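Structure record follows, encoded as structure tokens.
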Amino acid sequence: MKKYLYAFKFEVMTTLQYAFNFIGKMFSLFLMIFVFMNLWNFMYDDPSQAINGYTKFQMIWYVSISELIYFITRGRQTCEEISRHIKNGNIAYTINKPYDYVVYTLFTLLGRSFVSSAFYTAFIMIIGSAFTGSLPALTSIELLGVILVFALAITISLLLVIAIGLFSFIFEDSSPMYWIYSKIWLICGTLFPIEFFPVWAQNILKFTPIYVITGPSRLIVNFNAEAFVQTLIAQGIYLVFAFGLCELIYRKGMKKLNVNGG
Amino acid sequence: MLTAAKNQIKVTLLTTKYAVMREMLNKATFLSNVIFMILNNSTFLIQWFLLLSIKESIGGYDIHKILYLWGLASLSYGVAHFFFKGAFHIGEIINEGKLDSYMVQPKNILISVSTASCSPSAMGDIIYGFVLFFVNDPSVVNFLLYTLFGITGGLIVTSVAIILNSLSFWFARTDSIADAGMNLMTTFATYPGTIFKGATKIILYTIVPLGATAYIPIDILTNFDWKYTLIVLGVTVLFVFLAFFIFYRGLKRYASSNLMSARI
């Protein structure tokens, strides 16, 4: 475990060295949030009106937090990186290393996400408050609960990105798979709570990982103990599932890997 | 003059042809990229069906106009990235001192750099743009106008990319500015201009030329007006001219890194 914590710490320090890069990325995050704030401003005739159970205040905070998770863990580059390692055979170097590739990659990504979470969360709190006038009302215990499910959502999301990247063992390029996954995740959960979908679609979406990844967004606008426990249990199940999937693809893939020396 | 232009077009078409052939070496990957891009774009229709189920029209945009908006955005983006992908990497090429191999060619440098590579998935954007058109409005006149606006939109998007990437002639590491600018164009191009107010609206019709790539063409397609068509054409010419002007002004400052490279 110690070696993975070193990998985490190393990535945190490296990311902090390039903290300036966050400014440019914050602009992209701001754009996404700005467009959606304008859109929802247009959709709500009256701030107290509720659309599918969400008031304008709740909707703006829901979208802000779900966009935040999407932004922190979107993994186009990670997928391409893993794909590249598999295609050029560099992944073979991991065989003789004293670590598990999946766990090592996860901790590296967690290190990166830890720093970006701090920057982007502060940024989102500022712009969210500027648009809505206040922060969501949460007690300290509720806030701790939200932070816990937020951390688990980030971990599950990163594991799913790793799994998609590892699919390059089977397909030559897994990037198109990531495009589809990210767009479904964006539309069916990030930009719209599942309550906006027809009942039949809600029943399907509740069993997808998107539901557990967007758990913190639902809790931040409407915290209740029952929903918190349900989200936590579902996240536990998905954490095991996503990790198991990564290990399965990696081990199966490494068995059939052919690398030319050079 | 005419022969020179004819030769330039011939070379440009050949460069594009070879860039496409290079990408099609692995046909399965090329096709999967195209198909997945079409599917990828289609997911956004869900968003609009959901929004339009809440309100019949969003800022005067009904499903008919939304399909035009998405179709034109895809088509412009596809034209820009399929035919001129190189334009989006000019900053990188300048920073790495790789312009030398283009400068020794006897043809226009900017066109050579811009057409040197092609994005296979952008073909998916082009196909998707036309599919949306035929689902929405299969009339001949509008088809011609729609194709024209797809091309003008593509040229404007490419010009903006060239202008932003050319900043690398003057400043180091401007790639994040270019990325942010392109991000801004793509994000706003897929939402009705009418939902934005005040300063944002003014910016979208001026500095960020989305008025000419999306909003005005949609108005023309639903209610034809010659004057607006000429404005779109004028803005396109202006942006293309600006792109050439800024690139060649910057090129005078370019310093080679003596990097040996071959274009294969």
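The values are calculated or read from the model by the stated rules, or taken from the named source; none is laboratory data. Please read all numbers here as calculations on a predicted model, not as lab measurements. Using ideal geometry, Cβ is built from the backbone for each residue, glycine included, and neighbour counts are taken over all protein chains shown. Just so you know, the surface numbers come from the protein's heavy atoms only, side chains and all, with ligands and any DNA or RNA stripped out. Shrake-Rupley method; radii C 1.70, N 1.55, O 1.52, S 1.80 Å.
Take each residue in A:172-182, count the other chain C-beta atoms within 10 Å of its C-beta, and the mean is 4. In order along region B:51-66, phi translates into HN-Hα couplings of 5, 6, 7, 8, 10, 5, 9, 10, x, x, 9, 9, 4, 4, 6, 5 Hz, rounded to whole numbers, per the Karplus curve 6.51 cos²θ - 1.76 cosθ + 1.60 with θ = phi - 60° and x for Gly and Pro. Remark: the Cα gyration tensor places the protein assembly as shown in the oblate category, a/c being 1.5 or greater and a/b not exceeding b/c. Can you give me the C-alpha center-to-center distance between region A:1-71 and region B:1-42, rounded to a whole angstrom? So the two Cα centres are separated by 36 Å.
Projecting the Cα positions of A:53, B:108, A:168 onto the charge dipole of the protein assembly as shown (unit charges on Cβ atoms of Lys, Arg, Asp and Glu, taken about the Cα centre) puts B:108 furthest along the positive direction.
Only DSSP H runs of four or more residues enter the estimate; each adds -39500 (n - 2.57), and after division by the residues of chain B the mean residue ellipticity at 222 nm equals -23500 deg cm²/dmol. Note on region B:102-125 and region B:219-252: Cα centroid distance 20 Å, given to the nearest whole angstrom. Taking packing as the residue-averaged number of other Cβ atoms within 10 angstrom, the listed peptides A:59-71, B:56-68 run from highest to lowest as A:59-71, B:56-68. Projecting label points 7 angstrom from Cα along Cα→Cβ for residue B:107 and residue B:134 puts them 3.1 nm apart. A simple count of charges around residue B:190, restricted to other residues whose Cβ falls under 14 Å of its Cβ and scoring Lys, Arg +1 and Asp, Glu -1, yields +1. Protein heavy-atom accessible surface, 1.4 Å probe, per residue over chain B: 48 Å². When only the Cβ of Lys, Arg, Asp and Glu is charged (+1, +1, -1, -1), the dipole of region A:2-255 relative to its Cα centre reaches about 820 debye.
Look at the alpha carbon pairs under 8 Å that are at least 6 residues apart: their mean separation over the length of chain B gives a relative contact order of 27 percent.
Toward the positive end of the charge dipole of region A:2-255, with +1 on the Cβ of Lys and Arg and -1 on the Cβ of Asp and Glu, the farthest Cα among A:159, A:4, A:43 is that of A:4. Once both labels are positioned 7 Å from their Cα atoms along Cα-to-Cβ, the gap between residue B:207 and residue A:138 label points is 3.4 nm. Annotation: per residue accessible area for region A:115-173 equals 42 Å², rounded to a whole number [probe 1.4 Å, protein chains only]. Whole-Hz Karplus values for region B:123-134 come out as 5, x, 5, 5, 4, 4, x, 6, 4, 4, 4, 5 Hz, taken residue by residue from phi with 6.51 cos²θ - 1.76 cosθ + 1.60 and θ = phi - 60°; glycine and proline positions read x. From its DSSP helices (H runs of at least four residues, each -39,500 (n - 2.57)), chain A gives a residue-normalised ellipticity at 222 nm of -24000 deg cm²/dmol. In percent, rounded to a whole number, the relative contact order of chain A is 29, using alpha-carbon pairs under 8 Å and six or more apart.
The interface between chain B and chain A buries about 2700 Å² of solvent-accessible area in total (1.4 Å probe, ligands and nucleic acids excluded). Using Cα atoms only, what is the angle between the long axis of helix A:225-255 and the major principal axis of chain A, expressed in degrees (0 to 90) to the nearest 10? That helix lies at roughly 20 degrees to the long axis. Counting, for every residue in B:235-246, the Cβ atoms of other protein chains within 10 Å of its Cβ and taking the mean gives 0. Model label sites at residue A:224 and residue B:57, defined 7 Å from Cα along the beta-carbon direction, differ in position by 3.9 nm. Stretching residue A:233 away from residue A:130 to a fully extended chain increases their span by 33.7 nm, per 0.36 nm per residue minus the current alpha-carbon distance. Apply the Karplus curve 6.51 cos²θ - 1.76 cosθ + 1.60, θ = phi - 60°, to the phi angles in region A:205-214 and return the couplings in whole Hz, x for Gly and Pro. 3J(HN,Hα) across region A:205-214, in whole Hz: 4, 4, 9, 9, x, 4, 5, 7, 5, 8. Apolar share of the accessible surface for chain B: 70 percent from carbon plus sulfur atoms, 1.4 Å probe. Other residues within the sphere of radius under 13 Å centred on the Cβ of residue A:181, judged by their own Cβ, net out at +3 (K and R +1, D and E -1). With 23 Å as the limit on Cα-Cα distance, the pairs of A:97/A:256; B:17/B:85; A:25/B:55; B:65/B:227; A:9/A:206; A:206/A:252 that go past it are A:25/B:55; A:9/A:206; A:206/A:252.
Going by the alpha-carbon gyration tensor, a ≥ b ≥ c the square roots of its eigenvalues, is region B:93-204 rounded (a/c under 1.5) or, if a/c is not under 1.5, prolate (a/b greater than b/c) versus oblate? Oblate shape, in that a/c is at least 1.5 and b/c is the bigger or equal ratio. Cα-based radius of gyration for region B:2-251, normalised by 2.2 N^0.38 Å, reads 1.03.
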